[in-house]
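What follows is a single structure, written as structure tokens, with notes after it.
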Amino acid sequence: MRIAGLTALAAGALILPATLAPTASAEVEDITIYAWGSEMPVACDYVGANCTVMARMFGADYALPATLTINGRELDSAERLDYPDRQRSALRGTWRPPAKGTYTIVATQGSSTKTLVLEVTGDAQLGSGSAGFPSGSS
């Protein structure tokens, strides 16, 4: 009985360090998307909006490769931002919705994935200075 107890104690001592050891981790925290209008962020829900897409990651393995896709296509303009002192990173890029419809934005780092679904419902906005009035004279 005493030998069995010592064997269980020894086995437990071997398992304990493995369970307390830190695990490698990288996790996508969130995805945000917005456009600029009148010097304030506004919804990116109309065709041709100049949108900023950002995915933020954190964890001990924050520097692992990450991807940002829209409807399965990688965002070409994405730039990587690393913050080693905070164990964080981000991917940020610009995108213009080409047409009305549903767009699925996916950020992936390691085994972590986050998804944001965006509905583009508005028509292209008029250029600045037009104030919505037709040009020309009557």
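Values quoted throughout were computed directly from the atomic coordinates according to the rules given, and no laboratory measurement underlies them. What you see is a predicted model, and the numbers here were worked out from it, not measured in a lab. Cβ atoms come from the backbone with ideal geometry, glycine included; neighbour counts cover every protein chain shown.
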Meets criteria (more than 12 Å from Thr32 (Cα to Cα) and among the charged types (D, E, K, R)) for Arg86: yes
Pair list, Cβ under 9 Å, 6 or more apart: segment 92-112 residue more than 17 Å from Trp36 (Cα to Cα), other residue of a type in the set (Phe, Trp, Tyr): Lys100/Tyr46; Tyr103/Trp95; Ile105/Trp95; Gln109/Tyr62
Complete set of residues in segment 46-67 that are touching a Pro at 6+ places or on another chain (Cβ under 8 Å) and not hydroxyl-bearing (Ser, Thr, Tyr): Val47, Gly48, Ala49, Cys51, Ala60, Ala63
All strands (runs of 3 or more DSSP E) inside segment 59-128 with 2 or more residues being under 12 Å from the mean Cα position of the chain (by Cα) and hydroxyl-bearing (Ser, Thr, Tyr): 66-70, 101-109, 112-120
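In segment 55-74, what residues are farther than 18 Å from Thr121 by Cβ and surrounded by fewer than 19 Cβ atoms within 10 Å (Cβ to Cβ)?
Filtering segment 55-74 for residues farther than 18 Å from Thr121 by Cβ gives 55-69, 72-74.
Of everything in segment 55-74, those that are farther than 18 Å from Thr121 by Cβ and surrounded by fewer than 19 Cβ atoms within 10 Å (Cβ to Cβ) turn out to be Ala60, Asp61, Ala63, Leu64, Pro65, Thr67, Thr69, Gly72, Arg73, Glu74.
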